[in-house]
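Worksheet for the structure shown next.
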C-alpha cells in the first residue's frame, strides 16, 4: 500500500440521472483510497451524493475544500468548456459590448445562462488554486464541444501550462489525445464491468434492449423498419432509460439481444455490460468500443448504416429461430472476454500505476490564464 500526502479531488457533475462516466469517477476514487491515497469525489451541492448506484465513496464539496500546491484536481472533459468561456483574469474588465451580449442572452435563455455563469465561477475558483490539474477525458469526441470553428489563439485547458496529464479510458481515446495534444502525457485506464450485477445468464427471454438516450434518430429508424417488416413481432423491445443500475442489469441479463446505437464515444460502457450478461450485441462500436467489438462474438455495424443494422438483426433472429444454442455460445464467448479484460483487478492495477506515474512527475502547477 502506497501512502502519499497529496490529496486527489475528482470534480464530478451533480447528476441525478444515471451516467456511466460518473460511476467511473466514483470507482477511481474508491480505488485510490484502497491503495492508501487520500482521494475524494468533489461535488458542488452540499450533501449531494449519487444515489442511482450503491456507494460509500468519500465525498468533498467545493465550498469546503482548500486546495494546496501538493494536491491534484481532476476535471472531467465536459468542464473544460468553462475554461474557454471564462475571462483570462478573475477581475478582468468586461467590454460594454460583452456585457450587453450577456444581458441579451440572459433575457432570451433565462435560468440556463445564470446556471452556466455559476458553473464558470465554480470552475474559476477551483482552477485558480495552486493544485496540479488533470483532465479525466472519458469522451474524447467531446474534447472540442462548444469551441469556435477558428480558435486560433489556442485558448484551451489542454494547452495551458498548468495541465499535468490526461487520463483516458480506451485505446481509441489515447490515440486521439496523443495526436491532438502531443505535449501532454496521456494515460489509459481500463474500465471495469461490475460482474456481480452484469453477469452471464444463459436463459434468455425473447427480449431486445437498448439505451434509449443514445442516438434516438437511428433508434426510431431501426425499430420502425423492423416493425414495418414484421421482423420482431414475437419479441419485446425494452428501452433502458432512467433506471437504477440493478434494474439495468436485470434487463440485460434477461435479454437475448442488445442494440448498440452509441456513436463517437470514449469507451461505450453499455455494450460491454450487455456482453458480460451474455447478450448478443448488434450495432455501433462508438469507436471507443472497437477494442472489444470482436466479430467472433458480436455483430458490428458501421455507424449510420440503417439498412445493414436492420438486416443484421434479422439475420441474428433467423439464426436464433433455427438454432438457439449457437447464439448461446456467442453470448458465452462475449461474456468471458469482458470478464477477462475489463474487471476490478485490471482497473485497480491501471489506476494505481497511472497515479503513481502522475505523482512521480513531481509537477507543481501554477494557474496562468
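Observations, loosely collected:
- From least to most packed, judged by other beta carbons within 10 angstrom and beginning with the fewest, 355, 52 follow the order 52, 355.
- Shape of the range 205-341, Cα gyration tensor, a/c cut at 1.5: rounded
- Highest-MSF residue in the chain out of 191, 344, 137 [GNM, Cα springs under 10 Å]: 344
- Ranked for footprinting exposure by Cβ neighbours inside 10 Å, fewest first, 293, 179, 299 give 179, 299, 293.
- Comparing Cα centroids, the range 119-191 and the range 198-232 end up 35 angstrom apart.
- Inter-part distance where the range 280-351 and the range 1-43 are each reduced to a Cα centre, Å: 30 Å
- Estimated 222 nm signal from helices in the chain, with DSSP H stretches of n ≥ 4 weighted -39500 (n - 2.57), rounded to 500: -12500 deg cm²/dmol
- Ranked 41, 251, criterion: other C-beta atoms within 10 Å, fewest first: 251, 41
Every number here is computed from the coordinates shown, using simple stated rules; none is lab data. Here the structure is a predicted model, which is why all the values come from computation and not from measurement. So basically every Cβ, Gly included, is an ideal-geometry build from the backbone, and we count neighbours across all protein chains shown.
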